[in-house]
Every structure is written in structure tokens, then in C-alpha cells.
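Here's the structure, in C-alpha cells; my notes come after.
The values are calculated or read from the model by the stated rules, or taken from the named source; none is laboratory data. As the structure is a computational prediction, the values presented were derived from the model and not from experiment. A quick note on method: Cβ atoms are made from the backbone with ideal geometry, for glycine too, and the neighbour counts reach across all protein chains shown.
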Amino acid sequence: MRVLGIETSCDETSAAVVERDNNSVRLRGLTIWSQDVHRIFGGVVPELASRAHLTAIAPVVEDALQQAGVTLAEIDGIAVTCGPGLMGALLVGVAWAKTVAWRERLPLIGVHHLEGHLFAPTLEMDDVTPPFTALLVSGGHTLVLDVPTWGEYQLLGQTRDDAAGEAFDKVGSLLGLEYPAGAAIEKLAATGNGKRFPFPRPLIKEGLDFSFSGLKTAVLRAVQKSDNLDRDRADIARGFQDAAIDVLVTKTIRAADEFDRSLIVIGGGVACNKALADAMVAAAPPARRRVAVASPRLNTDNAAMIAAAGSWRLMRGERDGNDLEARDALPLPGLIRSSEVSA
Ligand code: KG4
Ligand code: ZN
């Protein structure tokens, strides 16, 4: 089955073609057009994002099809991110997908953006299959999930305030780095001394929820106190990254222990952070546990992961109609909260 994926939930206009054969899904073409218009504003401006998606979507799809060496006539289904995300941005992708699916008489499936992130490693590794523990860390979400089977997600922990990626971006702004700052912080941190700024590890001893706002405030104080930020910048970045990673890894391992899972999947933009993956591997010795992370290009927002998740749902016979709606807030399909499980 050959599926065209569309992703327009935030500031990346992306299209991809994947081919699925049962549990094996392979990438045939992927185009990601990252909108540059937001840079000067230090964050994504929703109205500008929608307009940029409108201009970009047709050529982006054309490019992905060309890479795959196919035309629309050779596509078997369309998968599109229908939420969560920026309403106006999502609408562009959903309207486009609905129109083309109707015109070409193709099956259509709406995909939850985070389910897409979960499927990203399956594009590179056939043996990434449930059961596993998942850490989803993006600009908008921080979740620990138990995944007993595809389509069933038990929510074990989430952030009480900022998302992990948001914390990286806010700390980046305190350090005078451009948005989004995750990759720049990782680069700076690699040259920094983590011992100079031993920042707090919020909630590390309690349960599986996260909180990053106290850590961000501690960084703010360190920046305010510094009499030479050029000297301290890398050390502060390192101190922050070490603290954030320590919390993310500790909670994920705790969840994997609790459910006795031998596979851990890390997904979302923050999964591009090599220090996070390395720390997870170090905490989960390979003899006992495997850590699966997709390549950076498949971890930040892209349509390949949407096509991977959508093709799995299409393969099961799921279909959406022309009434598919974009939703800015959308619960993960098949999500069970732990409170509901124990109740
Ligand atoms: O998943 P994603 O592309 O978009 C959302 O769905 O939010 O994630 C973007 C987030 C940004 O906050 C960005 O700073 C962060 O991922 N990020 C990183 C790294 N690369 C991207 N955070 C830490 N280290 C990185 N190397
Ligand atoms: Zn994302």
C-alpha cells in the first residue's frame, strides 16, 4: 500500500510517500519546507503559518511525489494530520487532503500528530513494535506512555506546565539564542561544564509527571546573576540540559520498570537530542533493554511519520469521510489515563 502523508500542524509544510507491507513501512519520498517567516518574531505566528502553508502545499506535495517517482494515480490512500496543532495551519492540510482524496477517489485518514511521532522509528526499524514504553517530547507535549499494542496508549505521566521542547526554547531565549533553540543548546552544552550550575531536578523522586517551570526560573536567576554571560553561556546550557535529561530519563526508566518493558521509544523534536538518547541507553543497559530513536529528520515535524501511522490505520480498514475536521485540541485515539485503569 502506497500512502501520501500531509503534515501542516505548525510551521513545517511537509509531504511524504511511504510504502507499507504489513508491519514494514518504508520511506520513498519526503519534503519538509520549514517556514522561515517566524524567525524574526521569536516564535510561530499562527496567521503567517496558515498563509505560508497555503502557498507551499502544492509544490511540496509535487516534490515528494517526484522523489518517490510516482504520480497521484499511483497512490492508494492519503493520511493527514488533523490535530492537535494550530487551527488555521491544520485546516490547510486537512482541506487539501479532503479535496484531493475526493477528486482522486482515494481513501482518507486523519492522523493524530503525536501518534505520528510514535510511528517515526518504524520507518527505519522493522522491529520497533509494541509492547514498549514511549517518551514523547516535542515543543508542545511531554508524555510518558505505555504502549501494549499499536492504537492503545496508556498515559502514565505528562508535564504540569511547560513541554520539554518549550523549556529548551525558553532557556534558549534567556541565553540569547534564536528560536527554536533545542539544537543550539545541545551544541553549546557539549562544550560546557555541568558542575558549575547544578540546577534542580523538579519532581524527580515523585511519580511520572514532569514540571519544567521551576528549572526555567532557576536558569533565569543564573542568567540574571551572571556578570559575564559570554563566559557562562555554555555552562548554563549544560547545567540545564543535564537537569532536563536526568528527569526525562529517570521517569521513562521508572515507567519501563513498572511495566517490565524491554523496548523504549523516544519520539518528538527533543528526541533529536543525542545526549538524551545516550543517557537513556546508559540508564537502560543494552543487554536488558533497547532504546529506539529515529533519525533527526524523522523526529522533528514531518509527513513521513504521519503517513507511517496513517498507513497502519488504513491497512486495518479505517477510513475518514469528507466530514473529517481539523481540531486544535485532540486526545490521542486509544488513550487511557492510568487513573481510569486503576479505577
Ligand atoms: O516535534 P517538533 O518538531 O514540533 C512539535 O510538535 O512541537 O518539536 C520541536 C521542538 C522544539 O522545541 C525544539 O527546540 C526541540 O523540538 N528540539 C530539540 C532539539 N532539536 C529540536 N530539543 C533539544 N535538543 C535538540 N537537539
Ligand atoms: Zn511534533
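Which of the residues that make up the stretch 24-49 are away from ligand 1 (no atom under 16 Å from the Cβ) and either among the aromatic types (Phe, Trp, Tyr) or at pLDDT 95 or above (or both)?
Residues satisfying the conditions are Ser24, Val25, Arg26, Leu27, Arg28, Gly29.
Scan the stretch 60-89 and report the pairs whose first residue is surrounded by fewer than 16 Cβ atoms within 10 Å (Cβ to Cβ) and whose second residue is assigned to a loop (DSSP other than H, G, I, E, B), with Cβ atoms within less than 6 Å and a gap of 6+ or a chain change.
Asp76/Met1; Met87/Asp328
Scanning the stretch 172-193 for residues that are part of a loop (DSSP other than H, G, I, E, B) and crowded, with 18+ Cβ neighbours inside 10 Å, which turns out nearest to ligand 2 (Cβ to nearest atom)?
Here the residue is Pro180.
Have a look at Asp246, Asp260 and point out the one that is charged (D, E, K, R) and more than 17 Å from Val147 (Cα to Cα).
Testing whether each residue is charged (D, E, K, R) and more than 17 Å from Val147 (Cα to Cα) leaves just Asp246.
Residues to consider are His53, His113; find the one that is at pLDDT 95 or above and over 30 Å from Ala275 (Cβ atoms).
Residue meeting the stated conditions: His53.
Looking only at the stretch 64-85, which residues are over 12 Å from Arg2 (Cβ atoms) and not in a helix (DSSP H, G or I)?
Hits for the stretch 64-85 are Val80, Thr81, Cys82, Gly83, Pro84, Gly85.
Please work out which one of (1) within 30 Å of Phe168 (Cα to Cα); (2) part of a helix (DSSP H, G or I); (3) β-branched (Val, Ile, Thr) is the condition Val61 fails and give its number.
(1)
Is at least one residue of the stretch 34-49 within 16 Å of ligand 2 (Cβ to nearest atom) and within 20 Å of Ile109 (Cα to Cα)?
No, because not a single residue in the stretch 34-49 is within 16 Å of ligand 2 (Cβ to nearest atom) and within 20 Å of Ile109 (Cα to Cα).
So if I check each of Ile204, Ile236, which one is part of a helix (DSSP H, G or I) and in contact with a helix residue (DSSP H, G or I) (Cβ under 6 Å, 6 or more places away or on another chain)?
Being part of a helix (DSSP H, G or I) and in contact with a helix residue (DSSP H, G or I) (Cβ under 6 Å, 6 or more places away or on another chain) holds for just one of Ile204, Ile236, which is Ile236.
Of the residues in the stretch 178-206, how many are small (Gly, Ala, Ser), at pLDDT 95 or above and farther than 27 Å from Gly43 by Cα?
0
Take the stretch 265-281 and flag every residue that is part of a helix (DSSP H, G or I), aliphatic (A, V, I, L, M) and within 16 Å of ligand 2 (Cβ to nearest atom).
Val270, Ala271, Leu276
Those residues that are farther than 23 Å from Leu188 by Cα and in a loop (DSSP other than H, G, I, E, B), I need them from the stretch 282-300; list them, please.
Across the stretch 282-300, the qualifying residues are Ala284, Pro285, Pro286, Ala287, Arg288, Arg289.
Which condition number does Gly69 fail, the rest of (1) more than 26 Å from Lys251 (Cα to Cα); (2) in contact with a helix residue (DSSP H, G or I) (Cβ under 8 Å, 6 or more places away or on another chain) being met?
(2)
From the list Arg26, Arg20, Arg51, pick out the single residue that is of a type in the set (D, E, K, R), touching a Gly at 6+ places or on another chain (Cβ under 9 Å) and outside any loop (DSSP other than H, G, I, E, B).
Of the residues listed, the single one that is of a type in the set (D, E, K, R), touching a Gly at 6+ places or on another chain (Cβ under 9 Å) and outside any loop (DSSP other than H, G, I, E, B) is Arg51.
From Ala256, Ala243, Ala307, which residue is crowded, with 23+ Cβ neighbours inside 10 Å, within 16 Å of ligand 2 (Cβ to nearest atom) and hydrophobic (A, V, I, L, M, F, W, C)?
Exactly one residue qualifies, and that residue is Ala307.
For (1) assigned to a helix (DSSP H, G or I); (2) within 16 Å of ligand 2 (Cβ to nearest atom), each residue gets a yes or a no:
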{"residue": "Gly93", "(1), (2)": "yes, yes"}
{"residue": "Ala97", "(1), (2)": "yes, no"}
{"residue": "Ala101", "(1), (2)": "yes, no"}
{"residue": "His117", "(1), (2)": "yes, yes"}
{"residue": "Val128", "(1), (2)": "no, no"}
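Please go through the stretch 210-231 and give me each residue that is part of a helix (DSSP H, G or I) and over 30 Å from the mean Cα position of the chain (by Cα), ordered by number.
Within the stretch 210-231, Gln224, Lys225, Leu229, Asp230, Arg231 qualify.
What are the residues in the stretch 253-277 that are within 12 Å of ligand 1 (Cβ to nearest atom) and either out of contact with any strand residue (DSSP E or B) (no Cβ under 6 Å at 6 or more places or on another chain) or among the hydrophobic types (A, V, I, L, M, F, W, C) (or both), if any?
Ile266, Gly269, Val270, Ala271, Cys272, Asn273, Lys274, Ala275, Leu276, Ala277
Within the stretch 34-42, is even one residue under 17 Å from the mean Cα position of the chain (by Cα), polar (S, T, N, Q) and not in a helix (DSSP H, G or I)?
Among the residues of the stretch 34-42, at least one is under 17 Å from the mean Cα position of the chain (by Cα), polar (S, T, N, Q) and not in a helix (DSSP H, G or I), which makes the answer yes.
When you look at Gly88, is it touching a Pro at 6+ places or on another chain (Cβ under 9 Å), assigned to a helix (DSSP H, G or I) and modelled with pLDDT of 95 or more, yes or no?
Taking the combined requirement at face value, the residue satisfies it.
For Asp278, work out the one condition from (1) acidic (Asp, Glu); (2) surrounded by fewer than 20 Cβ atoms within 10 Å (Cβ to Cβ); (3) over 28 Å from Lys187 (Cβ atoms) it doesn't fulfil.
Among (1) acidic (Asp, Glu); (2) surrounded by fewer than 20 Cβ atoms within 10 Å (Cβ to Cβ); (3) over 28 Å from Lys187 (Cβ atoms), the lone unmet condition for Asp278 is (3).
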